[in-house]
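The values are calculated or read from the model by the stated rules, or taken from the named source; none is laboratory data. This is a predicted model, so every value here is computed, not measured. When we count neighbours, we look across all protein chains shown, and the Cβ atoms used for this are built from the backbone with ideal geometry, even at glycine.
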Amino acid sequence: MKPERLIYTFVSYASHYDTPWGKGTAVEGVERTAALAHRYGIPVTWIVNRGSIPVLADRIREWHEAYGDDVILQCPFFEEEAGGSKAVLKQKLEQDWQLVQEHFPWVQVKIAGRGKIYNEVIEVLEELDFRGMWGYCWEQVWWDGITHKGIPWGSWFVDPARYTAPHPGKGKVVACEWTARDLHQTWSTGSPVLYSTDPNDVLRAGLCSGEDIEYWKLVFQEYLDNTDHNDRVYFLQHQEAHEMEFTPQFQVFPASHVEACEGMLDRFFQYITGFGITLTTLPQALGEYGKRYEETEPVYMLTRDKPIRPQINEYTLTLGGVGLGPWPDAFLTYDKDAQMGFVKGECRPRLLRSYTGSADGAREYAEEAPPVFVRHYERTETAIRFTYEIGEWKAIPFGLVYWDDLAGFRLASCSLAGAQVKIIKDELAFLRFNLTGEPMVIELEFKAGQ
C-alpha cells in the first residue's frame with residue numbers, strides 16, 4: 001500500500017439557486033461543510049456561480065488563506081441556459097470567469113463543473129483554456145437527467161468529439177467524476193447512485209448512518225489497496241452545501257438527514273486522514289494530471305464484494321430494485337483505448353468497451369468478446385505455462401486475465417510482441433494487447449523466484 005498515491009479531493013456545490021427546492025445561496029450549509037472538512041485539515045473545492053460568488057467571496061478567501069480552499073465554476077446548462085448555442089455558452093463562461101478572477105485572483109487552474117455535458121461544452125472549455133470538467137457519473141443512467149454509462153471512472157483526458165470517451169492522445173480537458181463510486185458493487189448491480197460516496201445516497205440506501213460508516217471505510221480501503229499498482233488513485237468526494245442545511249431557503253432533505261450526513265462526514269474525514277494520503281483541491285489535482293501524463297493514464301482496480309447490503313425502500317426500488325449478491329471478485333481496468341471488466345476465474349472480459357474508431361457513444365462503446373481457448377496448461381512448484389488461442393475476430397483493443405496464486409512468480413516470457421503483462425496483488429496477471437483480425441496464439445510462462 002502506497003497511501004501517498006491516493007489523491008483525495010473534497011468538492012461541495014455552493015451555487016446560487018432559484019428553483020422549487022431552493023432559493024439563494026446555502027450559507028449555513030456552506031459553513032457547516034467547511035467546519036467539518038477544516039477540522040481535519042481538508043481543503044474544500046467550492047463550486048460557485050455568478051450568484052454565489054459575491055455572497056461567499058469573503059469566506060472563501062479566508063478559508064483559502066487558512067486551509068487552502070479553492071473554487072471551480074459552475075458551467076451554464078448548454079441547452080437550458082445557452083439555448084444550444086456555443087457562442088452564448090462561451091460568452092456566459094467568459095463573463096462568469098471574469099467574476100471568479102475579480103474575487104479570487106489566486107485561482108490559476110480553470111475548472112468547470114456540471115453533470116449535463118455535451119461535445120459542444122468540451123469544445124468551448126478547450127477554447128477558453130479550461131483544464132478540467134467535474135460532473136461525470138460512471139455507469140449512471142437516468143438519475144438527475146444524467147446518462148453517462150460507457151465512460152471510464154476517475155480522471156481521464158476528454159475527447160471533444162465524443163465527450164463520453166477518452167481522447168486518443170493528450171486532450172486539453174481532464175474529466176473527473178461527480179463523486180467516487182464503489183466500483184465493485186456499482187458494476188455488479190448497475191446502481192451507482194446507491195453505492196456511492198455521496199452522504200445522502202448511502203443514507204437513503206441504508207448503507208451508512210450518522211453513527212455507522214463501516215461501508216464507506218470498506219470502499220475507501222479498496223481504493224487504498226489499489227495504490228500498489230497504480231501511479232495515482234483518484235478519490236473525489238462530493239456533497240452539496242444546500243443538502244447540508246434545513247432552513248426556510250433550503251429543505252431538500254429533512255433536518256434528520258442533515259444531522260446524519262454531518263455525522264457521516266465527520267467520521268469519514270477522521271478515518272481517512274489517518275492514512276497519510278494526499279489531500280488537495282480539484283484544480284491542483286487536475287492541473288497536476290495534465291502536466292504529469294501525455295495520454296489517459298491506465299488504471300487497474302482489483303475489487304471485492306462488501307458484506308453490507310442496501311435496504312429495500314422507495315429509493316432503492318426506483319429503477320426496479322438492486323441485486324443483493326454476493327458477487328465474485330472483479331478486476332476493472334481502462335486506458336485511452338478500452339475499458340474492461342473481468343470476473344474472478346474467467347480469462348476473457350465480461351465488460352469490453354472500445355474507444356477506438358467510433359464516435360457512437362449511444363451504444364456505450366460495447367464490444368462482444370471473442371471465444372478464448374486455453375491449451376497446454378501446466379503448473380509446477382517452479383513454473384506456470386499455458387497458451388491462449390483466439391480465432392479470427394475484428395481488430396479491437398483487448399485483454400485477458402489469468403487468476404491464480406502468483407506469490408513468488410514473475411513473468412518469464414510472453415510470445416506476443418508488444419503485449420503488456422501486469423501482475424496485480426499476486427492474485428492475477430493482466431495481459432493487455434490488441435486483436436488484429438487474424439487468429440492469435442499467445443504463449444505465457446511464469447517462473448518462481450524470477
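Miscellaneous remarks
- Among the residues here, residue 100 does not qualify as touching a Ser or Thr at 6+ places or on another chain (Cβ under 9 Å) and in the same structural domain as residue 280 (by TED's automatic domain parsing).
- Pairs where the first residue, in segment 245-256, is touching a residue at least 60 places away in the same chain (Cβ under 8 Å) and the second is surrounded by fewer than 18 Cβ atoms within 10 Å (Cβ to Cβ) and not acidic (Asp, Glu), C-beta under 6 Å, 6+ apart: 249/23; 249/24; 252/21
- Look at segment 45-72: where a residue is modelled with pLDDT under 95, no partner that is not in a loop (DSSP other than H, G, I, E, B) sits 6+ places away or on another chain with Cβ atoms under 6 Å.
- Only one entry of 294, 288, 346 meets the criterion of being part of a loop (DSSP other than H, G, I, E, B) and assigned by TED's automatic domain parsing to the domain that holds residue 69, and that entry is 294.
- Checking 324, 236, 302, 218 one by one, the residue that is part of a helix (DSSP H, G or I) and closer than 22 Å to residue 195 by Cα is 218 and no other.
Conditions (1) surrounded by fewer than 21 Cβ atoms within 10 Å (Cβ to Cβ); (2) closer than 22 Å to residue 267 by Cα, marked per residue:
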residue: 12; (1), (2): no, yes
residue: 15; (1), (2): no, no
residue: 18; (1), (2): yes, no
residue: 23; (1), (2): yes, no
residue: 35; (1), (2): yes, yes
residue: 50; (1), (2): yes, no
residue: 55; (1), (2): yes, no
residue: 58; (1), (2): yes, no
residue: 62; (1), (2): yes, no
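- Among the conditions (1) in a helix (DSSP H, G or I); (2) exposed (fewer than 15 other Cβ atoms within 10 Å of the Cβ), residue 274 misses just one, which is (1).
- For segment 62-117, taking the residues that are over 28 Å from the mean Cα position of the chain (by Cα) and of a type in the set (Asp, Glu), the one that is farthest from residue 42 (Cα to Cα) is identified as 102.
- All positions within segment 112-131 that are part of a helix (DSSP H, G or I) and crowded, with 24+ Cβ neighbours inside 10 Å: 121, 122, 124, 125
- Some residue of segment 417-431 being surrounded by 13 or more Cβ atoms within 10 Å (Cβ to Cβ) and over 22 Å from residue 332 (Cβ atoms): no
- Only one of the numbered conditions (1) under 30 Å from residue 317 (Cβ atoms); (2) in contact with a Ser or Thr (Cβ under 8 Å, 6 or more places away or on another chain); (3) surrounded by fewer than 23 Cβ atoms within 10 Å (Cβ to Cβ) is violated by residue 146, and that is (2).
- Boolean, residue 37 is in contact (Cβ under 8 Å) with a residue 40 or more places away in the chain, under 28 Å from the mean Cα position of the chain (by Cα) and not in a strand (DSSP E or B): yes
Residues checked against (1) touching a residue at least 60 places away in the same chain (Cβ under 8 Å); (2) loosely packed, with under 12 Cβ neighbours inside 10 Å:
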| site | (1), (2) |
| --- | --- |
| 372 | no, no |
| 375 | no, yes |
| 379 | no, no |
| 383 | yes, no |
| 386 | no, no |
| 400 | no, no |
